[in-house]
Amino acid sequence: MATGTKEYMPSDNEEFMNERQLAYFREKLISWRSEIQKESAETVESLQEHNLNAPDLADRATSESSRSIELRARDRQRKLVSKINQAIKRIDDGEYGYCEDTGEPISLQRLDARPIATLSLEAQERHERREKVYRDD
């Protein structure tokens, strides 16, 4: 890639969400999505090859339980791919990296750790506190 995003790390010493930062996060998101999609394809292949007609009832129950856990994990990953696609769209729309509550920049450290983040750390904490209050009622 021309921008050299492989060895590049976003820094607070440069303009926030400049072309290089956007390319870095786009590449990170696309790579993450590809990894998830590859794992999903492997799971589907594995589930198709796996015989659910085990003669032993305990073996069949274990197999069904494992299959159920795997399918739930794949469903979570499907939702994650959707969030990754939304983040890529935010990059395309020029909205990536900004808190959807406050409009303030989300820290580069937070975005690097969780590139699908839509809230700044402070806004996320407020959101979680509100959720906890409503759950406790």
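The values are calculated or read from the model by the stated rules, or taken from the named source; none is laboratory data. Everything numeric in this text was worked out from a predicted model, so none of it was measured. In this analysis, Cβ positions are derived from the backbone assuming ideal geometry, glycine residues included, and neighbour counts consider all displayed protein chains.
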Exercise. Is it the case that some residue within region 35-55 is surrounded by 12 or more Cβ atoms within 10 Å (Cβ to Cβ), out of contact with any Lys or Arg (no Cβ under 9 Å at 6 or more places or on another chain), farther than 20 Å from residue 93 by Cα and modelled with pLDDT of 80 or more?
Worked result: yes
Exercise. Take the residues of region 103-137 that are in contact with a helix residue (DSSP H, G or I) (Cβ under 6 Å, 6 or more places away or on another chain) and assigned to a loop (DSSP other than H, G, I, E, B): which is nearest to residue 11 (Cα to Cα)?
Worked result: 115
For this session: From (1) assigned to a loop (DSSP other than H, G, I, E, B); (2) closer than 17 Å to residue 113 by Cα; (3) at pLDDT below 95, pick out the condition that doesn't hold for residue 16.
Result: (3)
Exercise. On the given criteria, is residue 82 modelled with pLDDT under 95, closer than 26 Å to residue 32 by Cα and surrounded by 10 or more Cβ atoms within 10 Å (Cβ to Cβ)?
Worked result: no
Exercise. For residue 74, are the conditions met, namely being surrounded by 14 or more Cβ atoms within 10 Å (Cβ to Cβ), assigned to a helix (DSSP H, G or I), at pLDDT below 95 and not assigned by TED's automatic domain parsing to the domain that holds residue 114?
Worked result: yes
